[in-house]
Amino acid sequence: MAGGFTESAFIKKLAELNNSSQSIQTLSLWLIHHRKHYSTVVKIWMREIIKAKENKKLTFMYLANDVIQNSRKKGPEYGQEFGIHLKKAFEHMARSDEKTKNSLDRLLTIWNDRGIYDEILISEFKRALGKDEQQPPTKRAKISERKNKSPARERKKSETEKIVEVQNLDGTIETHVHLSPHTPPGDPPEPEELVKAIQELELNIASSDEIVRERIAQLPREVSEVSLISKIEDKEAAEKLSIQVGEAVHLLSQYNMRLAAEMDHRKKVAMMMRDFLHVQEELLAQAERNLEEYQEKLLKVFSVRSELHNHIRNLPDLTQLPNVTDGLAPLPSAEHLFMQ
């Protein structure tokens, strides 16, 4: 999951996507990590949902929901881009069975209640889906009123709330915790960008420039000690020192500028590494949860296999049974049965 973004990689991950919350969250987190490719992501998502099998289209919609909601703290790009294409997606989903359409209608209700999209756009989505029932106005009004009464409390809740409801294909509601990263503002870099930044830092390390440091070390004492000026006895010596001081000022100024640039570059690389490592920690935690889940499934399969082997051993071996026709008259042939 930590690799760079490519169209082929995303299409492969979509093909491997299933309706479990962990599968949806894992791919959602990967897409949020690569959100600078939001335009390409949404176009591929739109193309693939049309090509997908009927039993997987709803999973694609849940993935879009997860990305839209969890990327809001980092920026509006995904929400805006999906907003452009979702009407077409809902028109396509209008051909689905009634249970799927009801699941999508509930999703639109959640978006409306949480203010993911404005009511006008939600109405357009509902019409596209064929679910144009009017939302009760009192519910949205109560939410707005509550926000106005205690904005600080609502803001705190939005920053910590990670509970999300997902309706499964069988109609049951699954509540799970989202993996919205709590990173400071800043887009985690691609691996290639981080490597390039580190390489550039290694090539421009002013603090390791031995030649300049040696030149500074060899500057005469007179250029840095004011007390020695009183020992100058003639104009020629003063002019010579003035030239030396000018050269020292230029040398030190240039070197200080390089050191300041190095410091800024190191800060930038440190922030990139921090954001990158934070995402890797999130992905690692998700991978550990996936491993635990599938290890449990593997143990169950092993248990079924062992039980099946025991059951097979207890079944009678039909090849060892005596022939039921032994000692009896042979059965008549078809020719004898139909003789006149």
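Each reported figure results from applying straightforward, stated rules to the coordinates on display, with no laboratory input. Remember, it's a predicted structure, so these values are computed and weren't measured experimentally. Here the Cβ positions follow ideal geometry from the backbone for every residue, glycine too, while neighbour counts run over all protein chains shown.
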| What is the distance in Å between the Cα centres of the range 49-64 and the range 272-303? | 24 Å
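Once you have the alpha carbon radius of gyration of the range 192-285, what is it after dividing by 2.2 N^0.38 Å, with N set to its residue count?
Working: Rg = 21.3 Å, N = 94, 2.2 N^0.38 = 12.4 Å.
Its radius of gyration relative to the 2.2 N^0.38 Å reference: 1.72.
Based on the mean of other Cβ atoms within 10 Å per residue, sort peptides 210-220, 241-251, 49-59 so the most packed one is first. Please list the in-between numbers first.
Numbers: 210-220: 11.1, 241-251: 13.1, 49-59: 15.4.
The most tightly packed comes first, giving 49-59, 241-251, 210-220.
For SER224 and SER8, compute 0.36 nm times the residue count separating them, minus their Cα-Cα distance, and round to one decimal in nm.
Extra length available between SER224 and SER8 comes to 71.6 nm.
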| remark: Violations at 30 Å Cα threshold for listed pairs LYS74/LYS297; LYS53/LYS74; LYS51/LYS99; LYS43/LYS73; LYS51/LYS131 -> LYS74/LYS297; LYS53/LYS74
